[in-house]
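Contents: one structure, followed by commentary.
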Amino acid sequence: MPKITPYVSCEFAVRPFIRENEGKMMKIMLDWATSPDEHLRRLASEGCRPMLPWTAALPKFKENPSPILPILENLKADDSLYVRKSVANNLNDISKNQPELVIEIAKRWYGDNKNTDWIVKHATRTLLKKGNPEALSIFGYEHGHEFVIEDFNVEPKIVQKDGNIEFAFTIKVDEPKKVRLEYAIDFMKKNGKLNRKVFSISEGLFETDRSYDKKHSLKDMSTRKHHVGLHRLALIVNGIERELVEFELEG
């Protein structure tokens with residue numbers, strides 16, 4: 001694998017060996033994490049992701065990811081973006097079952113250097129979208145309930161399938177503050193239940209009031225089919241839901 005992986009991605013190939021002899025394989029992968037070859041360093045992280053897409057998960061690592069952590073520690077300041085993406089994705093996988101552990105790692109790593117900071121931000125993306133207050137506070141996104149929202153409007157209230165839902169608002173800022181703005185849509189599923197998806201609007205240091213006029217397409221895509229019925233659109237400020245409006249999707 002060390003000779004093959006520069007040419008062909010081998011993260012799927014190592015997983016049977018991890019299941020068969022975890023201790024031996026993880027020692028080998030820890031050694032790969034110190035390789036001068038970025039492909040081999042990336043394989044060290046990508047191969048042991050607990051929930052690697054398109055293949056079977058590693059249930060033991062979902063429950064206890066501690067064998068993975070020495071590898072990630074070795075790679076936390078890697079110069080290669082290819083490697084850093086894998087480290088971030090690995091930690092993001094871990095966050096779905098062990099959020100407290102990833103928050104602890106993020107707090108410890110954040111501020112070390114720009115490469116590590118990049119990993120931490122991308123590793124916590126699921127926690128941030130869920131509005132986890134500890135994850136948000138690492139990046140200075142706090143007190144979402146204190147911001148004043150004016151002129152929030154969602155139109156139309158009845159949307160034809162393949163149409164657009166549009167919304168506008170102004171966020172008031174009385175002094176420079178870090179703001180993370182998102183909106184969520186609760187989509188009607190085929191089974192009649194609502195399923196929330198969160199989308200980014202803007203984030204960073206806001207020094208003055210800002211107004212937004214946004215549009216979201218409700219056309220079917222390969223990754224999402226839209227179903228007629230009640231939907232909801234919410235505005236989220238620093239992880240806190242501030243506004244919520246219902247609209248109807250018609251066929």
Determine, yes or no, whether Asn97 is within 24 Å of Arg49 (Cα to Cα), under 16 Å from the mean Cα position of the chain (by Cα) and in contact (Cβ under 8 Å) with a residue 40 or more places away in the chain.
yes
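Residue by residue, here is whether (1) in contact with a strand residue (DSSP E or B) (Cβ under 6 Å, 6 or more places away or on another chain); (2) under 19 Å from Ala123 (Cβ atoms); (3) modelled with pLDDT of 95 or more; (4) basic (Lys, Arg) holds:
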site: Lys3; (1), (2), (3), (4): no, no, no, yes
site: Phe17; (1), (2), (3), (4): no, no, no, no
site: Thr34; (1), (2), (3), (4): no, no, yes, no
site: Gly47; (1), (2), (3), (4): no, yes, yes, no
site: Ile94; (1), (2), (3), (4): no, yes, yes, no
Restricting the first residue to region 240-251 and requiring it to be under 12 Å from Ile158 (Cβ atoms), which pairs with a second residue that is of a type in the set (D, E, K, R) and part of a strand (DSSP E or B) meet a Cβ separation below 6 Å and a spacing of at least six or different chains?
Glu246/Arg232
For region 146-175, name all the residues that are under 26 Å from the mean Cα position of the chain (by Cα) and part of a loop (DSSP other than H, G, I, E, B).
Phe147
Mind telling me which of the residues Lys121, Lys190, Lys197 ends up being assigned by TED's automatic domain parsing to the domain that holds Pro70 and either exposed (fewer than 15 other Cβ atoms within 10 Å of the Cβ) or in a helix (DSSP H, G or I) (or both)?
Lys121
Among the listed residues Lys85, Lys62, which satisfies the condition of being surrounded by 14 or more Cβ atoms within 10 Å (Cβ to Cβ), farther than 23 Å from Trp118 by Cα and among the charged types (D, E, K, R)?
Lys62
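Each row is one residue, and each column tells you yes or no for (1) surrounded by 12 or more Cβ atoms within 10 Å (Cβ to Cβ); (2) among the β-branched types (Val, Ile, Thr).
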| residue | (1), (2) |
| --- | --- |
| Phe206 | yes, no |
| Asp209 | yes, no |
| Tyr212 | yes, no |
| Lys215 | no, no |
| Leu230 | yes, no |
| Gly239 | yes, no |
| Val245 | yes, yes |
Checking Ser211 against (1) at pLDDT below 95; (2) among the small types (Gly, Ala, Ser); (3) at negative phi: exactly one of these is not met. Which one?
(1)
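The values are calculated or read from the model by the stated rules, or taken from the named source; none is laboratory data. Bear in mind the structure is a predicted one, so any value in this text is a computation, not a measurement. Neighbour counts run over all protein chains shown; Cβ positions are idealised from the backbone, glycine included.
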